[in-house]
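What follows is a single structure, written as structure tokens, with notes after it.
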Amino acid sequence: MYDIIVVGGGPAGLTAALYARRANKTVLVIEKETFGGQITHSPCVENIPGFVKLSGNEFAEKMVEQVMEQGADVEIDEVMEIIDGETKTVVCEGAKFEGKSVIIATGAKHRLLGLERETDFIGNGISFCAVCDGAFYEGKTVAVIGGGNSALQEALMLSDLCKKVYVVQNLDILTGEKKLQELISKRENIEVITGTLVKELKGEVDLSSILLENNKGEKTELVIDGMFVAIGLIPQNDFAKNVIPLNSYGYALADESCVVDAKGIFVAGDCRQKQIRQVVTACADGATASLKACDYVDSLK
Ligand SMILES: Cc1cc2nc3c(=O)[nH]c(=O)nc-3n(C[C@H](O)[C@H](O)[C@H](O)COP(=O)(O)OP(=O)(O)OC[C@H]3O[C@@H](n4cnc5c(N)ncnc54)[C@H](O)[C@@H]3O)c2cc1C
């Protein structure tokens, strides 16, 4: 029986484990793929306080080392279900674990275009975050894929740094807010291309161009230094939908307190409804959720 079981070993989950161990609670972190989460896809991170520059993998290694040093148990397994009761049963693919409380920190995945070699180019020309990676493209040419609010915000941010920004949208219209569309239309270095799909990604190691096809079947090749894919995120909460309330996009319904409408269950990081999804905001959630879970465990005594 663990005091706290953390589902997900990204920045939110590992910070939650760290805080729980510092409060002397027994902790198990269950991760289905790679400890460190999404940040392991980034070859260069420059906005984590205390580190001028490091790779996502280096950061992940430091986080895991720290929680293990503090005495947390870790498991590689996929959590399939949580059975809520007096205690919580966490059902994994290969085993079952009992906990007095559970912190769900399962993050989100960026929706991909589904093109060949797309995952190879992540971190080598494909990015999902102008705040994180925009500075690497200063004075360069980039394409933002998508036409919703996120895509338009990314394009505006990038237009302050880049020589040229293409916005490529599959629909005939942009779907982001009118206000953002107005701002986009005023930027001289942004060109909007609607009714157009990205059909192919080209480049040796780094992405160097994309092949576009419009709805008349006309093809063009766009030479770019980078591509920002902004076609949405998929929160990884499906397995928990029987125990925690989710919004219509699948994010856990919780505010900054990380408390959900289920006793003894807490949520942290990108998997919850929030505006800013970054390492530092995920870590902040991890600390909050953990201290709330510690209070809950203490209240059972
Ligand atoms: C390419 C890229 C570059 C980025 N660059 C930056 C940057 O420079 N700076 C910055 O601040 N942010 C950056 N981000 C965003 C940052 O990585 C995320 O905001 C942060 O990782 C969120 O942390 P999290 O712990 O909430 O979720 P995640 O990092 O998504 O971690 C969740 C973990 O839970 C695991 N999981 C999911 N479901 C289950 C399950 N059922 N059972 C067990 N485990 C499960 C996942 O495998 C994952 O490891 C970047 C993201 C990407 C994709």
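The values are calculated or read from the model by the stated rules, or taken from the named source; none is laboratory data. Keep in mind that what you see is a predicted model, and the values were worked out from it rather than measured. With ideal geometry, Cβ positions are generated from the backbone for all residues, glycine too; neighbour counts draw on all protein chains shown.
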#### Entry: Sole residue being closer than 23 Å to residue 129 by Cβ, more than 10 Å from the ligand (Cβ to nearest atom), aliphatic (A, V, I, L, M) and touching a Leu at 6+ places or on another chain (Cβ under 7 Å), chosen from 64, 45, 52
64
### Query
Can you tell me which of 78, 33, 46 is within 30 Å of residue 300 (Cβ to Cβ) and surrounded by fewer than 17 Cβ atoms within 10 Å (Cβ to Cβ)?
78
### Message
Among the residues that make up the range 110-117, is at least one of them of a type in the set (D, E, K, R), more than 15 Å from the ligand (Cβ to nearest atom) and at pLDDT 95 or above?
### Response
yes
### Message
Among the listed residues 17, 12, identify the single one that is near the ligand (Cβ under 7 Å from one of its atoms) and either surrounded by 23 or more Cβ atoms within 10 Å (Cβ to Cβ) or part of a strand (DSSP E or B) (or both).
### Response
12
### Task
Might you check whether a residue that is in contact (Cβ under 8 Å) with a residue 24 or more places away in the chain, within 25 Å of residue 236 (Cα to Cα), loosely packed, with under 15 Cβ neighbours inside 10 Å and not aliphatic (A, V, I, L, M) occurs anywhere in the range 66-73?
no
### Task
Scan the range 87-109 residue by residue and report those that are more than 11 Å from the ligand (Cβ to nearest atom) and either among the β-branched types (Val, Ile, Thr) or closer than 18 Å to residue 278 by Cα (or both).
87, 89, 102
### Message
With the condition being surrounded by 17 or more Cβ atoms within 10 Å (Cβ to Cβ), I'd like the strands (runs of 3 or more DSSP E) fully within the range 217-301 carrying at least 3 qualifying residues.
### Response
226-229, 265-267
### Query
Within the range 84-122, how many residues turn out to be without any contact (Cβ under 8 Å) to a residue 40 or more places away in the chain and either of a type in the set (Phe, Trp, Tyr) or in contact with a Ser or Thr (Cβ under 8 Å, 6 or more places away or on another chain) (or both)?
1
### Message
Consider the range 98-119. How many of its residues are touching a strand residue (DSSP E or B) at 6+ places or on another chain (Cβ under 9 Å) and surrounded by fewer than 24 Cβ atoms within 10 Å (Cβ to Cβ)?
### Response
13
### Task
Output the number of residues of the range 181-211 satisfying the condition of being part of a loop (DSSP other than H, G, I, E, B) and without any contact (Cβ under 8 Å) to a residue 24 or more places away in the chain.
2
### Summary
Per the filter on the range 129-147, residues within 11 Å of the ligand (Cβ to nearest atom) and buried (at least 24 other Cβ atoms within 10 Å of the Cβ) are 130
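Listed here are the residues, each with its yes/no results for (1) modelled with pLDDT of 95 or more; (2) assigned by TED's automatic domain parsing to the domain that holds residue 294; (3) within 15 Å of the chain's Cα centre (by Cα).
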{"residue": "25", "(1), (2), (3)": "yes, yes, no"}
{"residue": "37", "(1), (2), (3)": "yes, yes, yes"}
{"residue": "69", "(1), (2), (3)": "yes, yes, no"}
{"residue": "86", "(1), (2), (3)": "no, yes, no"}
